[in-house]
1. Just to check your reading of the model, which residue among SER28, SER41, SER37 is modelled with pLDDT of 85 or more, closer than 28 Å to LEU140 by Cβ and not assigned by TED's automatic domain parsing to the domain that holds MET148?
2. So which of ILE121, ILE54 ends up being at negative phi and in a loop (DSSP other than H, G, I, E, B)?
3. With the structure loaded, tell me whether SER87 is hydroxyl-bearing (Ser, Thr, Tyr), surrounded by 15 or more Cβ atoms within 10 Å (Cβ to Cβ) and in a helix (DSSP H, G or I) or whether it fails that test.
4. When the range 7-31 is examined, which residues are found to be without any contact (Cβ under 8 Å) to a residue 40 or more places away in the chain and among the acidic types (Asp, Glu)?
5. So TRP73 ticks every box in (1) in a helix (DSSP H, G or I); (2) over 30 Å from LEU174 (Cβ atoms); (3) at pLDDT 90 or above but one. Which box is left unticked?
6. Among the residues of the range 181-200, count how many are under 26 Å from the mean Cα position of the chain (by Cα) and modelled with pLDDT under 90.
7. Within the range 95-133, restricting attention to residues that are without any contact (Cβ under 8 Å) to a residue 24 or more places away in the chain and within 22 Å of the chain's Cα centre (by Cα), which residue is surrounded by the fewest Cβ atoms within 10 Å (Cβ to Cβ)?
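The values are calculated or read from the model by the stated rules, or taken from the named source; none is laboratory data. Bear in mind the structure is a predicted one, so any value in this text is a computation, not a measurement. With ideal geometry, Cβ positions are generated from the backbone for all residues, glycine too; neighbour counts draw on all protein chains shown.
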Amino acid sequence: MEEPEHEELPPTLLDNPEKLQGGQELVSFFQMPGYRSWDPSRVVFFSFAAFFAIIMSDAGYALMMGLVLLYYWKDMAASETSRRLRSLAVTLTGASLVWGVLVGSYFGASAPIAALANLKILDLQDFDAMMRFSISFGALHLVLANLMMAWVRRRYLEAWASVGWAIAVLSALLGWLQGFHLLHWLIFSASLITVLAMTNQKQQWQLRNLIGGALALTNHH
């Protein structure tokens, strides 16, 4: 066994804890990451559960899904793949149940008892609040993705381009939520300059790579 050379592209092997390997199934369904990329399985595992719960937004249906899961529990232990999917299903059910309680939806109706009604903290009918939540959730997802890419590229100067994108998205989000001030614009501008200057830069900074940085601002690098 030996480490691959820099120009070699060996096949990818994903390796995660058994309880989180359902994320590998999701990742491999869409596209297997490259050998030198980062393994998104864990992030995909929990992100998929969160998005699934938000789309369902109903504790009653989450309970029904849990009952179906219990019925097939032993059958889903037959193979490694089914055990992975079972762990994912448990997470989907739990996340959907918690989110459904927080939004106070039970088969499309209000909570049947006062104790459950008191747990409602979000109103699905409040369009402005849900829009703020949705945009914030998506923006933080982009911030996380860019920080993970910065970690993957940590040996190169281009890691700072990913950091720049993360800070740009975060500053724009905070400006949108709080109202834009001069500080937001300064941070946002500095972040884009970082993207421009650091995209495609390796271990030594080169002026000619600024063209790639300019294209990166339009996501066409």
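1. The conditions single out SER41.
2. Numbers: ILE54 fails: in a loop (DSSP other than H, G, I, E, B).
Exactly one residue qualifies, and that residue is ILE121.
3. Considered against the rule, which asks whether it is hydroxyl-bearing (Ser, Thr, Tyr), surrounded by 15 or more Cβ atoms within 10 Å (Cβ to Cβ) and in a helix (DSSP H, G or I), SER87 comes out as yes.
4. Residues satisfying the conditions are GLU7, GLU8, ASP15.
5. Evaluating TRP73 over (1) in a helix (DSSP H, G or I); (2) over 30 Å from LEU174 (Cβ atoms); (3) at pLDDT 90 or above leaves (1) as the failure.
6. Final tally of qualifying residues: 9.
7. Among those residues, the one meeting the criterion is MET131.
Residues checked against (1) in the same structural domain as THR199 (by TED's automatic domain parsing); (2) modelled with pLDDT under 90; (3) of a type in the set (Val, Ile, Thr); (4) part of a helix (DSSP H, G or I):
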{"position": "MET130", "(1), (2), (3), (4)": "yes, yes, no, yes"}
{"position": "ALA145", "(1), (2), (3), (4)": "yes, yes, no, yes"}
{"position": "TYR156", "(1), (2), (3), (4)": "yes, yes, no, no"}
{"position": "TRP165", "(1), (2), (3), (4)": "yes, no, no, yes"}
